[in-house]
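Inspection log for the structure reproduced underneath, given as structure tokens.
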């Protein structure tokens, strides 16, 4: 599979998702480096449709989990049930057993239920009653979240947030884009007509190629310097973790592959720093009251930390 076929996925998704090319590209980059994505925005802007379009474009299994306050951890991971005929316990796999898992409105479930995804997201497996069960390849969790100010929502635990490679926001469409949505959705839903353009094996092969993308030591140091800046910021209770630094490096490798390059540029880091790092910065209480945002801290780091200069 050549890099052009990655762009075929984007073009295929754009048949149903209008005016969100960069958001689509971010999703694809996360998939390439085996990461998970949190999409945070107000209801009705197309978060679920975006995820469904990606799943339809890749010929893999897809399951949607609607997170509600009464959802139990066993509903996600699975459970053992006694078989009277054999006298043994049979394992019934939970809803996480798919290549693409949509955790819809993840912050409407309790923190205990949210945490049921931790092992799956980190190791692509679930352990129930001491037995480990592998999940399909590729495996990706795409979670949607409404702002926590909304009634009936719970903030995600820090450990859960840190396992999302990216956190992105779709935002409202431009006027022309919204008019295109009205026109194209007037008859049949274009999402239903989407066909797969690649298969899971091709994606898995590409994921292996991401690790071959060269990253210069100066770029490594640039990533570390950005992370260190957030840790030392006066408004931050917690800065970017080492997992966050590693995630930014991997995302930049995926960005280079997507753009048909064999090496990472500092511009790749700049492009991905906010979606990969901002959600990992936990603000102090007084900073939140002062309208300081995590995104602003990362953007400040990008302006204050010198980027390496390419050698000629």
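In this structure, is residue 227 touching a helix residue (DSSP H, G or I) at 6+ places or on another chain (Cβ under 9 Å), within 18 Å of residue 206 (Cα to Cα), surrounded by 18 or more Cβ atoms within 10 Å (Cβ to Cβ) and modelled with pLDDT of 95 or more?
no
Any idea which residue in the stretch 117-131 is surrounded by the most Cβ atoms within 10 Å (Cβ to Cβ), counting only those that are outside any strand (DSSP E or B) and at pLDDT below 85?
The residue in question is 129.
Of (1) touching a residue at least 60 places away in the same chain (Cβ under 8 Å); (2) under 24 Å from residue 163 (Cα atoms); (3) touching a helix residue (DSSP H, G or I) at 6+ places or on another chain (Cβ under 8 Å), residue 12 satisfies all except one. Which?
Among (1) touching a residue at least 60 places away in the same chain (Cβ under 8 Å); (2) under 24 Å from residue 163 (Cα atoms); (3) touching a helix residue (DSSP H, G or I) at 6+ places or on another chain (Cβ under 8 Å), residue 12 violates only (2).
Among the residues in the stretch 32-51, are any assigned to a helix (DSSP H, G or I), free of Cβ contacts under 8 Å to residues at least 24 places away in the same chain, in the same structural domain as residue 200 (by TED's automatic domain parsing) and over 18 Å from residue 198 (Cα atoms)? Let's see the steps before the verdict.
Keep residues of the stretch 32-51 that are assigned to a helix (DSSP H, G or I), which gives 32, 47-51.
Right, trim to free of Cβ contacts under 8 Å to residues at least 24 places away in the same chain and you get none.
Within the stretch 32-51, none of the residues are assigned to a helix (DSSP H, G or I), free of Cβ contacts under 8 Å to residues at least 24 places away in the same chain, in the same structural domain as residue 200 (by TED's automatic domain parsing) and over 18 Å from residue 198 (Cα atoms).
Quick one: count up the residues across the stretch 264-287 that are farther than 14 Å from residue 164 by Cα and part of a helix (DSSP H, G or I).
Residues in the stretch 264-287 being farther than 14 Å from residue 164 by Cα and part of a helix (DSSP H, G or I): 9 in total.
Taking the condition surrounded by 15 or more Cβ atoms within 10 Å (Cβ to Cβ), at pLDDT 95 or above and not assigned by TED's automatic domain parsing to the domain that holds residue 158, does residue 303 pass?
When the stated conditions are applied, residue 303 does not pass them.
So which residues in the stretch 221-246 are assigned to a helix (DSSP H, G or I), within 20 Å of the chain's Cα centre (by Cα) and closer than 26 Å to residue 285 by Cβ?
Answer for the stretch 221-246, where residues must be assigned to a helix (DSSP H, G or I), within 20 Å of the chain's Cα centre (by Cα) and closer than 26 Å to residue 285 by Cβ: 227, 242, 243, 244, 245.
The values are calculated or read from the model by the stated rules, or taken from the named source; none is laboratory data. A quick note: this is a predicted structure, and the numbers were derived from the prediction, not measured. Note that we place each Cβ from the backbone using ideal geometry, even for glycine, and neighbour counts take in every protein chain shown.
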